[in-house]
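This report refers to the structure that appears directly beneath it.
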Ligand SMILES: [Zn+2]
């Protein structure tokens with residue numbers, strides 16, 4: 001089976017997403033750029049993570065055509081493809097539907113840099129993309145816009161997209177995004193959020209750039 005190791009890793013990460021409550025049921029999806037750089041592997045649509053087998057993972061080219069696989073690819077294939085086409089530094093994308101992230105995505109337009117530390121993984125604010133229907137080309141366009149050169153963005157009323165140089169890193173970003181959203185909710189309930197001053201933001205951005213190299 002082509003890319004067997006990557007397929008297994010995708011299946012394992014799917015189970016871990018559910019275990020850590022970063023998604024549930026058949027919500028969310030996982031993809032990875034193939035080592036040849038010209039294709040992507042992605043989870044199938046409508047199958048619970050516990051049931052997905054390595055052979056169920058589909059391979060699509062960057063025109064969105066299925067090269068291998070009998071199942072339907074994730075409905076969110078358009079934004080996964082758009083990210084790989086646009087961002088050469090991204091090799092893995094995880095879309096989550098987690099509790100705190102969903103709560104923030106239903107209320108806020110963005111989550112500012114308000115914590116000294118964890119935003120160095122994201123690269124700046126967590127922007128919330130404008131609402132568009134799941135699976136639509138418009139959603140893909142809005143996600144690209146909200147993501148910019150950062151590692152994550154929230155989708156309005158829908159969850160988050162988390163990127164990494166590999167699947168392990170994308171998973172870490174997913175955990176961090178959920179943690180940020182949780183603390184954002186806690187902090188907001190206490191009063192007005194204190195956004196990090198410019199020097200703090202600059203420092204976090206420098207840390208982010210350093211991690212990229
Ligand atoms: Zn979704």
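The values are calculated or read from the model by the stated rules, or taken from the named source; none is laboratory data. The model shown is predicted, which means the values in this text are computed figures rather than measured ones. For neighbour counting, all protein chains shown are included, and Cβ atoms are generated from backbone atoms with ideal geometry for every residue, glycine included.
Just need a number here: residues in the stretch 18-57 that are closer than 25 Å to residue 88 by Cα and within 16 Å of the ligand (Cβ to nearest atom). Of the residues in the stretch 18-57, 7 are closer than 25 Å to residue 88 by Cα and within 16 Å of the ligand (Cβ to nearest atom). Only residues that are assigned to a helix (DSSP H, G or I), touching a residue at least 60 places away in the same chain (Cβ under 8 Å) and more than 16 Å from the ligand (Cβ to nearest atom) were counted in the stretch 174-193, giving 8. Within the stretch 134-156, residues that are within 14 Å of the ligand (Cβ to nearest atom) have Cβ atoms under 9 Å from residues that are modelled with pLDDT under 95 and in a strand (DSSP E or B) in these pairs: 154/110, counting only partners at least 6 apart in sequence or on another chain. Each residue in the stretch 132-166 was checked for being in contact with a helix residue (DSSP H, G or I) (Cβ under 8 Å, 6 or more places away or on another chain) and either more than 22 Å from residue 208 (Cα to Cα) or part of a strand (DSSP E or B) (or both), and 21 of them qualify. In the stretch 87-101, the residues that are over 13 Å from residue 14 (Cα atoms) reach residues that are assigned to a strand (DSSP E or B) and within 12 Å of the ligand (Cβ to nearest atom) with C-beta atoms within less than 6 angstrom, at least six apart or across chains, in these pairs: 101/159; 101/160.
If the condition is being in a strand (DSSP E or B) and at pLDDT 95 or above, then the stretch 96-112 contributes 96, 111. Considered as a group, the residues in the stretch 58-95 that are in a helix (DSSP H, G or I) and more than 16 Å from the ligand (Cβ to nearest atom) include one that is nearest to residue 176 (Cα to Cα), and that residue is 84.
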